[in-house]
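One structure is given below, encoded as structure tokens.
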Amino acid sequence: ILTQDLAEVLGSDNPYVRRLGHLAAEVLQEKVKGEGGLSPRYLVHFGLMAFYDGDLERAEKYLLRAAQHEESFQDACTKLNFIGTQLRRQERFDQAIRIYRRLLELSPPFLGVVLFNLAVALRTKAVVRLGEGTPEAAKLELEALATAVEALYRDPRLPEDENFYQNTVMLPTLKKAQALFAAAARAQASAVQPETDPDDPVAAACRQASRKVEALLKAGKEREALRMLYSLTGSLKQFFLEFDKHASDEVKRFAERLQPLLLKHRDPKMRTFGKVLSILVAKAKQAQARRAASVHPAFRRVLGFLEQGHQAKAAREMARVLATAPSLIKDQAHASDPNLVALCREIRDKLAEVELDKFKRA
């Protein structure tokens, strides 16, 4: 069973495979004197067999143990995802939701898939178990929408899989999400005006330098970004002294990470560089405080996630806010911050990859 992949050829729920599997399990457990010595590979197979035997608790136990080992992590997570889907199809929604949330804690590479499956389970529970229109169902549908947005933000390629469109229950949710973010993306960012004269060549140089460092960081070129920042200490001191006027969250996070290391550096020049970065970080925090004060309170958690570099969580929170209070879109309440408008446009573009008509044909 284990070396010839009979479970894959015949199906893990095949009665002969299951019978032989139980015999193999008994022999192996006897040989290793219990379950403690079982290899991760066996744990995955036994977990799946336990599920087919109706013992969900034992199945989860085996698979979670297997997920602790690098060589079986992906396989164990894949099997847990499969079990979650089977539970949902059996209308055991609470158990499916629990499995998916446990998987999110494990953070497998296919996190977008797990998030979307969770959204499907939440939405299906709302429709089948609670009935649309009830307050309890409305809460689940809101969570399903926010979770689906996060899933598509993390993995915009999800709609390329034809199986994606088999989940027809998600059509109203995704249709609503597309409409919300299409409207939100049309807002014009009337962000806080620059405090520097746009014709000031030094201010323009600072803004340009900030964009260049940010681009290097987004491209993963941290060494080049570090060199550029260091060169700016000699060629453009205003970049640091007036960073609040051209602040970049990406640059700020990079400086925060570097600062404590540089302050302890053996080279006095590097320690001085660390102190300069301290100025940059302080100025960036001043800019964040001003920005937070000018934005609608509903969006503060969104900005918090963006400042921490958690864009997918920011997307989820933005979806929750807009779905809860669509009047904020009409009032363009989010347009006071360019980062919020940019996030809405990014989410809109990712959601646009979902072809709603395919749900109708599924």
- When the range 65-86 is examined, which residues are found to be outside any helix (DSSP H, G or I) and surrounded by fewer than 18 Cβ atoms within 10 Å (Cβ to Cβ)? Gln68, His69
- Query: Could you say which residue among Arg19, Arg41 is modelled with pLDDT under 80 and under 34 Å from the mean Cα position of the chain (by Cα)?
  - Reply: Arg41
- Residue match in the range 94-105 (condition: among the small types (Gly, Ala, Ser), modelled with pLDDT of 95 or more and within 20 Å of Arg320 (Cα to Cα)): no
- Applying the selection to the range 44-64, what residues are open to solvent by 50 Å² or more (accessible area, probe 1.4 Å) and either in contact with a strand residue (DSSP E or B) (Cβ under 8 Å, 6 or more places away or on another chain) or closer than 13 Å to Arg102 by Cβ (or both)? Glu57, Lys61
- Unique match (being crowded, with 17+ Cβ neighbours inside 10 Å, touching a residue at least 40 places away in the same chain (Cβ under 8 Å) and farther than 23 Å from Leu63 by Cα) among Val113, Val149: Val149
- Matching option when the condition is part of a helix (DSSP H, G or I), in contact with a helix residue (DSSP H, G or I) (Cβ under 9 Å, 6 or more places away or on another chain) and more than 24 Å from Ala215 (Cβ to Cβ), among Arg291, Arg300: Arg300
- Query: For Ala335, are the conditions met, namely being open to solvent by 20 Å² or more (accessible area, probe 1.4 Å), hydrophobic (A, V, I, L, M, F, W, C) and more than 13 Å from Lys176 (Cα to Cα)?
  - Reply: no
- Item | Filtered residues of the range 215-241 (kept if open to solvent by less than 50 Å² (accessible area, probe 1.4 Å) and either farther than 19 Å from Lys285 by Cβ or outside any helix (DSSP H, G or I) (or both)) | Leu216, Ala225, Met228, Leu232, Thr233, Leu236
- Item | Which listed residue, of Ala204, Ala189, Ala138, is at pLDDT below 95 and surrounded by 16 or more Cβ atoms within 10 Å (Cβ to Cβ) | Ala189
- Subset of the range 298-322 [open to solvent by 30 Å² or more (accessible area, probe 1.4 Å) and either touching a Phe, Trp or Tyr at 6+ places or on another chain (Cβ under 7 Å) or at pLDDT 90 or above (or both)]: Ala298, Arg301, Phe305, His310, Gln311, Lys313, Arg316, Arg320
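The values are calculated or read from the model by the stated rules, or taken from the named source; none is laboratory data. Treat the numbers as computed from the prediction; the structure is a model and nothing was measured. Reconstructed Cβ throughout: ideal geometry from the backbone, glycine too, with neighbour counts over all protein chains shown. SASA here: full protein model, heavy atoms, side chains in, ligands and nucleic acids out. Shrake-Rupley method; radii C 1.70, N 1.55, O 1.52, S 1.80 Å.
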